[in-house]
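Working notes for the structure below.
The values are calculated or read from the model by the stated rules, or taken from the named source; none is laboratory data. Predicted model, so just to flag it, every value in this text is computed and none were measured. Quick reminder, even Gly has a Cβ in these numbers, built from the backbone with ideal geometry, and neighbours come from all protein chains shown.
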Amino acid sequence: MRKEDSLLSVRPYRSPHHTISDVALVGGGSYPQPGEISLAHNGVLFLDELPEFKRSVLEVLRQPLEDRMVTISRAKFTVEYPASFMLVAAMNPCPCGFYNHPEKECVCAPGVVQKYLNKISGPLLDRIDIHIEVTPVPFSELSTERTSEHSSTMRERVIRARRVQEKRYEGKGLHCNAQIGSRQLREICRIDATGKALLEKAMERLGLSARAYDRILKVARTIADLAGSPDIRTEHLAEAIQYRSLDREGWAG
Ligand SMILES: [Zn+2]
């Protein structure tokens, strides 16, 4: 290996099992070791079956998700590990798996669906930018020969959007929209009066938090970048609002 080669050439991908401990996830021990979130730095941390993780494990994710690093304090010293990861999580809609299913009936008792979702705290859900419900695709649709967009085309679009962001944040110490701080947010993610009205209505109707509001603005900025639009238009905002389906009032509420 040459000196100029970087140690990491592929972004990490970590997918710990749901039985993982707090320490193994965020790091710790008497001689603090980095946890999965630091091993996933600049890459992806995938948590499958999110509600199966212990509540305490999910709660310790909150601070590093916000700060992009983790601080572990011991009596005599404090260590900081980087933890700028992209969190991707998956879960069933309810314990039986059929809530909102187009054909089958959910057989969960009343209140069970809400209880299942409640295993993930509101503040953690708030910190997840995009919630998407994936309903089963019927076989007839799977087998159609309709051509869809090729993933290489999507890749090109993503790379283009990343370049736009790199240029926008040049000299600002940021690289992408996800890293916008709350102070810079209003300046970078400007919306017009129609957009403001739409967002206000959505906040009221869906009972969204201030944090969700910020997330929507950032996601809308990214949607606009992907569409090659310098301004955040109403349709970009509307799409970003749709991605909050797990916010309390929107799911089994
Ligand atoms: Zn169910």
Self-check item: Within the range 188-253, helices (runs of 4 or more DSSP H) holding 1 or more residues that are in contact (Cβ under 8 Å) with a residue 60 or more places away in the chain and not assigned by TED's automatic domain parsing to the domain that holds residue 118
Solution: 210-226
Exercise. Could you tell me whether the range 194-204 includes any residue that is closer than 21 Å to residue 166 by Cα, out of contact with any strand residue (DSSP E or B) (no Cβ under 9 Å at 6 or more places or on another chain) and among the β-branched types (Val, Ile, Thr)?
Key: no
Quiz item: Hey, among 117, 125, which residue is under 19 Å from the mean Cα position of the chain (by Cα) and away from the ligand (no atom under 15 Å from the Cβ)?
Solution: 125
Quiz item: Which pairs have Cβ atoms under 6 Å, sit 6 or more apart or on different chains, and link a residue in the range 83-99 that is not assigned by TED's automatic domain parsing to the domain that holds residue 118 and away from the ligand (no atom under 16 Å from the Cβ) to one that is assigned to a loop (DSSP other than H, G, I, E, B) and modelled with pLDDT under 95?
Solution: none
Self-check item: Evaluation of residue 153 against (1) part of a loop (DSSP other than H, G, I, E, B); (2) exposed (fewer than 13 other Cβ atoms within 10 Å of the Cβ); (3) more than 16 Å from the ligand (Cβ to nearest atom); (4) not charged (D, E, K, R) (one fails), failing number
Solution: (1)
Quiz item: Can you name every residue in the range 1-45 that is of a type in the set (A, V, I, L, M, F, W, C), touching a residue at least 12 places away in the same chain (Cβ under 8 Å) and over 20 Å from residue 55 (Cα atoms)?
Solution: 8, 39, 40, 44
Exercise. Might you let me know whether the range 89-108 holds any residue that is outside any loop (DSSP other than H, G, I, E, B) and exposed (fewer than 15 other Cβ atoms within 10 Å of the Cβ)?
Key: no
